[in-house]
Amino acid sequence: MTVLSGWGGYPRIDTEVLRVRDEADVARALDGGPLIPRGNGRSYGDSAIGAGRTLDMRGMDRMLGFADGVLTAEAGVLLSDVIEAFLPRGWFPAVTPGTRFVTLGGAIAADVHGKNHHLDGSFCDFVDWVDMIGPGGAVRRVARDDPGFDWIRGAMGLTGIVLRAGLRLRPVESGWIRQEVRVADTLDEAVEAFESRLDAPYAVAWIDGLARGAALGRSVIAFGRHAARDDLPPEARTDPFAVPRRREVPVPFHLPDFALNRFTVRAFNAANLAAGRRAEAKGPHLVDWARYFYPLDALKHWPRLYGRRGFMQFQCVLPLETSRAGLAALLDRIAAAGLASPLAVLKRMGPQAGRFSFPMEGYTLALDFPVSDRSLALMTALDDITDGHGGRFYLAKDSRLPARRLAATDPRVEAFRAERARSGADRVFASAQSERLKL
Amino acid sequence: MSGAVLVLGATSDMAREIARAFAAKGHPIRLAARVPERLADDKADLETRFGVPVTLHAFDALDTAAHAGFVAGLPELPEIAVCAVGLMGDQAETAADPEAAARVMRTNFEGPASILERLADAMEARGSGTIVGISSVAGLRGRASNYVYGAAKAGFTAYLSGLRNRLAKRGVHVVTVLPGFVRTRMTEGLDLPDRLTAEPSEVGAAVLRGVEKGRNIIYVRPVWQVVMTIIRALPEPIFKKTSL
Ligand SMILES: Cc1cc2nc3c(=O)[nH]c(=O)nc-3n(C[C@H](O)[C@H](O)[C@H](O)COP(=O)(O)OP(=O)(O)OC[C@H]3O[C@@H](n4cnc5c(N)ncnc54)[C@H](O)[C@@H]3O)c2cc1C
Ligand SMILES: NC(=O)c1ccc[n+]([C@@H]2O[C@H](COP(=O)([O-])OP(=O)(O)OC[C@H]3O[C@@H](n4cnc5c(N)ncnc54)[C@H](OP(=O)(O)O)[C@@H]3O)[C@@H](O)[C@H]2O)c1
């Protein structure tokens, strides 16, 4: 038995871990009681912890071929490896989450979104096909336009295990992003900024979660697009994919629980805002891909900032019509609680896809909270607000949502359960999360 | 263009990462295993990631009569040869069954020594090359829990040391790798201490570095050098009562 947790370090649960190295290993593991596949464990809560057994997919990390912009690879390949191998050849993942240390399988199972959901959709919109092993052990190639695909994207590993996938990459001319920064002094300004720039390929806002009253929703919004070769200064054009390598800075140990508090976070937020204003004044400028997409990846073991008890993330999406009111209510409640959350992120999402995938047209808000009774109480209050505004929750970030709440906010749950029962997946695939949420 | 790297026992987790480390530096890779068909996806992986040519070769460490022919059948005499072949065996089974004990001894010592001897002769004749043998700290002092394996690795370590001595003035270098615990198929299910246990990718990086720097003996995690210095220094009257 091994004690496993997600990226947030909470909850910690006993499970038997089994590393698989090829298709035959996976097939063998299927009979032997309930299990769940695990990618790189970057989901925050208990999605990738088996109720019983956990299949470690990192042993299947072979790239199998590349042709016409489509990479064929096993599910345990990391997005960071894809970038390392293909950026020098002029290709980049078409959709990427805020960390590159996720597996293709994990990205498909959560149907992850990036800063371009409003334009491009989510990860699975660039997955041409998957080889999927179902509860009975049969392996099937499912193409994106096959109705079966809709039961795989966003299914959190609960309908079957992705073995291999065909991933369409995006051609890019450089490793640089041409970024423009806007500081919004109010929530209305922030929403206005997103809505007026829906053609910007990438857009993301960092929100000052402690700002209240007139300053509620104060944020720094970063718009970006891949820089063309001609956007680069002449000296960078000879090797447009080379960017300065930054050293990873490790957080050496768990900080004490009080390290992140209202005062340190207020100082951090003030510094972030000031940096935002300086960047805004610069006008359009170039940022390297790692700094733009993955600022947190440079800080190794950063969850240790939250201390030993770990942290939780709250992430919901609100429909477009209720977004403004819902965001105001959420932010007001968060600011009133004064709980430290230095990383509060707002993104604009496009239309929904699939049968169980998280995104819907509107706004998604994500914030981290240290594990504590106060945080849990606050998150329940945020659940109420989300529920009241027709929003729903992101399972890849969840570690504590009650089953009742999920069912109440997501009418798709019933059909998802029925599909699991129909295929027999409910008897083979189970995670700590699926048990908690009664999926 | 750098020279070819031959990896013996290429289905091992460690070997896979060693092959990647060298492929990333542009070396063509020759993968050798008992059932080379199993390596088709690994070949594709190295080619797709690193764009180097990869070939597959059938190789059985226990079929020593075929070793000379194996070397002759390679596309070229490799610049670097890495032997990751090994077998832990089950101590209770090896104690009870002489066949099983012989298999452990032959797989960890006789087979690897036989193939490396053939490669060493050819490299010596050419006047250049590097040989890497994956041995084990288990060979530094016999312990009750795996002394047949340990004894075989001790033999292999002594063999590598002698080979290094013989070839030192002949342009051929020999690297002995003592990996310590590594999270691989061999150690699956064992409860290994995190600080002492390396990932296969750490072994890959360490072997590449060791070859590039011409090191003689490498421990993957430096802490193992300390641990083994202590274990080796324990006087026998005390050591024999321990259960390490
Ligand atoms: C710093 C940080 C930033 C992030 N930013 C974003 C973001 O911007 N957008 C976003 O959408 N997400 C984001 N995430 C969440 C992350 O992208 C998802 O949780 C992703 O699923 C993690 O991938 P993984 O390989 O680590 O999977 P795991 O966490 O190991 O598993 C996640 C789920 O995938 C399932 N799974 C894994 N492999 C397979 C497989 N082969 N077949 C079937 N199911 C499988 C598991 O069962 C589990 O349900 C972020 C996470 C972190 C830590
Ligand atoms: N894991 C550890 O903690 C650890 C520690 C110290 C040293 N080592 C040594 O590191 C090396 C690699 O081991 P590993 O941990 O990666 O475990 P592994 O996966 O069990 O590797 C052993 C390899 O040896 C091959 N092999 C066995 N008998 C063979 C034969 N007769 N002919 C050809 N190949 C044969 C196996 O090939 P098949 O797939 O054909 O069986 C496999 O590739 C071994 O020498 C091991 O002793 C391991």
Kirkwood-based Rg over Rh for the range A:176-401 (C-alpha set), two decimals?
-> 0.97
Packing rank of A:205-215, A:425-435, where each peptide gets the mean count of other beta carbons within 10 Å, highest leading | A:425-435, A:205-215
Work out the mean other chain Cβ neighbour count within 10 Å for the residues of A:19-32 and drop it here as an integer.
-> 1
For the range B:5-239, what is the accessible area per residue in Å² when the probe is 1.4 Å?
-> 44
How much accessible area per residue does the range A:182-331 have, in Å², with a 1.4 Å probe?
-> 50
Along its principal axes, what span do the Cα atoms of the range A:155-257 show, with the longest given first and each in whole Å?
-> 48, 45, 36
In angstroms, what radius of gyration and Dmax does chain A have, counting Cα atoms only?
-> 21.0, 60
Local charge sum around B:Glu99 (other residues, Cβ-Cβ under 14 Å, Lys/Arg +1, Asp/Glu -1)?
-> -1
On average, how many beta carbons from a partner chain sit within 10 Å of the beta carbon of a residue in A:74-84?
-> 1
With a 10 Å radius around each residue's Cβ, average the other Cβ atoms per peptide and rank A:180-186, A:319-325, A:196-202, A:346-352, highest first.
-> A:346-352, A:180-186, A:319-325, A:196-202
Have a look at the DSSP beta bridges in chain A and tell me what percent are antiparallel, nearest 5.
-> 85
Averaged across the residues of A:53-65, what count of C-beta atoms belonging to other chains lies within 10 Å of each residue's C-beta?
-> 3
The simple spin-label model distance between A:Glu173 and A:Ala143, using points 7 Å out along Cα→Cβ, in nm, is 3.3
Can you pick out the pairs among B:Lys153/B:Lys240; B:Lys169/B:Lys240; A:Lys347/B:Lys43; A:Lys282/A:Lys397; A:Lys397/B:Lys43 whose Cα atoms lie more than 31 Å from each other?
-> B:Lys169/B:Lys240; A:Lys347/B:Lys43; A:Lys282/A:Lys397; A:Lys397/B:Lys43
Towards the positive end of the charge dipole of the range A:28-106, with charges on Cβ (+1 Lys, Arg; -1 Asp, Glu), say which of A:Leu35, A:Gly98, A:Ala51 has the farthest Cα.
-> A:Ala51
Out of residues 5 or more away from A:Lys115 or on other chains, whose amide H comes under 5 Å of its own, with H placed 1.01 Å from N in the peptide plane?
-> A:Thr96
Counting only protein heavy atoms and using a 1.4 Å probe, what share of the accessible area of chain B belongs to carbon plus sulfur, as a whole percent?
-> 55
Per residue convex hull volume, Cα atoms of the range B:1-144, in Å³ = 116
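I need the calculated FRET efficiency for the pair B:Ala233 and A:Asp31, taking r as the beta carbon distance and R₀ as 56 Å, to the nearest 0.05.
Step by step, r from the Cβ atoms, then E = 0.65.
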Taking only Cα atoms, what is the 0 to 90° angle, nearest 10, from helix B:13-23's long axis to the longest principal axis of chain B?
-> 40
Along the Cα-to-C-beta direction of B:Arg185, a point sits 7 Å from the Cα; which residues of the range B:67-83 have their amide N less than 19 Å from that point?
-> B:82-83
Calculated FRET value between A:His285 and A:Thr264, using beta carbons and R₀ = 45 Å, to 0.05 | 0.95
Using packing as a proxy for protection, rank A:105-112, A:76-83, B:64-71 so that the peptide with the highest average count of other Cβ atoms within 10 Å comes first.
-> A:105-112, A:76-83, B:64-71
For the range B:123-142, list residues with backbone N below 16 Å from a point placed 7 Å from the Cα of B:Arg166 toward its Cβ?
-> B:123-133
Span-like helix ranges in chain A, DSSP H, alpha carbon extent 18 angstrom or more, Kyte mean at least -1.0 = A:262-282, A:320-337, A:373-388
Determine the total buried accessible area between chain B and chain A, counting protein heavy atoms only with a 1.4 Å probe; round to the nearest 100 Å².
-> 1200
So the FRET efficiency between B:Arg195 and A:Arg89, C-beta based with R0 = 45 Å and rounded to 0.05, is 0.75
Distance in nm between A:Lys438 and B:Asp63 label points, each 7 Å along Cα→Cβ, equals 6.1
Applied in sequence order to the range A:224-240, the curve 6.51 cos²θ - 1.76 cosθ + 1.60 (Karplus, θ = phi - 60°) yields integer Hz couplings, x standing for Gly and Pro, of x, 8, 4, 6, 7, 4, 5, 6, 7, x, x, 5, 8, 6, 5, 10, x
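The values are calculated or read from the model by the stated rules, or taken from the named source; none is laboratory data. Model, not experiment: these values are computed from the prediction. Cβ coordinates were reconstructed from backbone atoms using ideal geometry, including for glycine residues, and neighbour counts include every protein chain displayed. Please note that ligands, DNA and RNA were not included when accessible areas were found on the heavy atoms of the full protein model with its side chains. Shrake-Rupley method; radii C 1.70, N 1.55, O 1.52, S 1.80 Å.
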